[in-house]
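We did not get these values from a lab; they are worked out from the coordinates using the rules stated. Source: prediction; values computed, not measured. Neighbour counts are summed over all protein chains in view; Cβ atoms, including those assigned to glycine, are modelled from backbone coordinates with ideal geometry.
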Amino acid sequence: MTMLRRGLLAWISRLVLLLLLLCCAVSVLYMLACTPKGDEEQMALPRANSPTGKAGYQAVLQEQEEQHRSSISSLKKQIARLKDELQERSEQLKNAQYRASDAGAHPEKNQANLLEFLHSQVDKAEVHAGVKLATEYAAVPFDSFTLQKVYQLEMGLTRHPEEKPVRKDKRDELVEAIELALETLNHPEEESNSNHRPYAASDFIEGIYRTEKDKGTLYELTFKGDQKHEFKRLVLFRPFGPIMKVKNEKLNMADTLINVIVPLAKRVDTFRQFMQNFREMCIQQDGRVHLTVVYFGKEQMSEVKGILENTSKAASFRNYTFIQLSGEFSRGKGLDVGARVWKGSNVLLFFCDVDIYFTSEFLNTCRLNTQPGKKVFYPVLFSQYNPGIIYGHHDSVPPLEQQLVIKKETGFWRDFGFGMTCQYRSDFINIGGFDLDIKGWGGEDVHLYRKYLHSNLIVIRTPVRGLFHLWHEKQCVDELTPEQYKMCMQSKAMNEASHGQLGMLVFRHEIEAHLRKQKQKMSSQKT
């Protein structure tokens, strides 16, 4: 029994010792596995063809040091940039908070400032007292209106002295004024008038209004009163606020090419004059223009091509295209073909007639008022009267350049014409181009203009000082439709002379008789 006990104790001792040794071995292995390696142990061994020993390790160390320096430099730059952005955002936030707190803290002050400004506009607009004016021409006249009509002084050539307000903004403006007046009459502030009769639009008699561009619009509206000879008058004012900055942009037109497209049939002498103007303004002064001539038929075509070729040789000008079409002349078709034949990038188109004179300044105006997908330009040109009538009392008609003066006696703004236009080719294609079913003179330009008015593009319509329609005798042929013939004759009548000059022609016999009498009277006094 004693021997058995001793044997068991010896076996247990050996087992414990073995387990202890096993635990120690596991602990040593764990420590070796978890201890970080030294710098030299982390490095990869040099390659077979690289320096060995100490030199190899130094080369590796130098390479890694350069990589670390590069990384550190990049991180420093990123940190500096982030600091700048953080500072900028912090300043923006502070400014926004300051403005918000200032507006929130003083809403009454802001409202008071606005009301003070609006009241000052009322005082400037001669609502309560008159303002001294230098001459009779400085007065701003009123226009008058009823529920159905507007009676206006500034008419132009397409508006009438009495007409319905067809423009939506003008119609809505006058309706709003009448509605506000009715609202005021039917809801008076004085309690004593609480038993008054209700007023309706039928009680409105007439109103007058005028707009001063720097102040606002003043309305005076008159309504029927309660008795036969009583009236109600309300004075309203729509003040204009201070000017606001909307956009500040830099425009570079150095590379903006204009493709001038001219449809033509015969008219060689007029084309020769056109090319003289084109050579001076487009080739010599501007230098960023392409010319496309679309010619109908073959009669006089060789003369037209000769003028083009001579200009090309004399001015070293190669940027032109000549297209010959068969069939009768169609302005819309000629312009449409000229626009679609262009194979380059999106180009600015100027639809032009052969009897048009333009300056190099107009070409920049054309560029500045168009933007692809955004704006198209429909300038109002100045149309020249018949020089034979204008300068009939002179010894001779002055040169063309001296005739192109914008005065009431020399011409008029052709505000009924929409043929001369600047627009990008992409917009012209997207809108559908011209209606090619329209033949001959007139109609196609108005149709295209209406397409743009019905689109989301901005239509810029303004008179320009560098675009002239040269006078020429107009022929209204029998082949035109009744509507086209009427338009042609109206245009012909307006082209000849001003109202006063035509009156002088009508009464020339009376004037000559008066001059003879005056001459005889002077002769008798001398004798």
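Projecting the Cα atoms of Ser326, Phe412, Pro372 onto the charge dipole of segment 258-503, computed from C-beta unit charges around the Cα centre, puts Pro372 farthest toward the positive end.
Computed from label points 7 Å out along Cα-Cβ, the spacing between Lys77 and His509 is 9.4 nm. Relative contact order of segment 258-503: 24 percent, from C-alpha pairs under 8 Å at least 6 residues apart in sequence. If you wrap the tightest convex hull around every Cα atom of segment 379-523 and split its volume per residue, you get 147 Å³. Along its three principal directions, the equivalent ellipsoid of segment 258-503 from the Cα gyration tensor extends over semi-axes of 26, 22, 20 Å, largest first.
Restricting to Cα atoms and excluding each atom paired with itself, what does the Kirkwood estimate give for segment 283-357 in Å?
13.6
Taking packing as the residue-averaged number of other Cβ atoms within 10 angstrom, the listed peptides 332-338, 366-372 run from highest to lowest as 332-338, 366-372. Protection proxy ranking, highest mean first, for peptides 65-71, 221-227: 221-227, 65-71, where packing is the per-residue count of other beta-carbon atoms within 10 Å, averaged. Here Val246 and Glu173 are evaluated by their C-beta separation; at R0 = 22 Å the FRET efficiency comes out at 0.50.
In the distance distribution for segment 232-372, Cα-Cα pairs more than 20 Å apart total 54 percent. Of all DSSP bridge pairs formed entirely within segment 258-503, close to 30 percent run antiparallel. Working ranking of peptides 75-83, 300-308, 274-282 by packing, defined as the average number of other Cβ atoms within 10 Å per residue, highest first, is 274-282, 300-308, 75-83. Straight-line cross-link reach from Lys407 at under 26 Å between alpha-carbon atoms covers these lysines, not counting any fewer than eight positions away in the same chain: Lys213, Lys474, Lys492.
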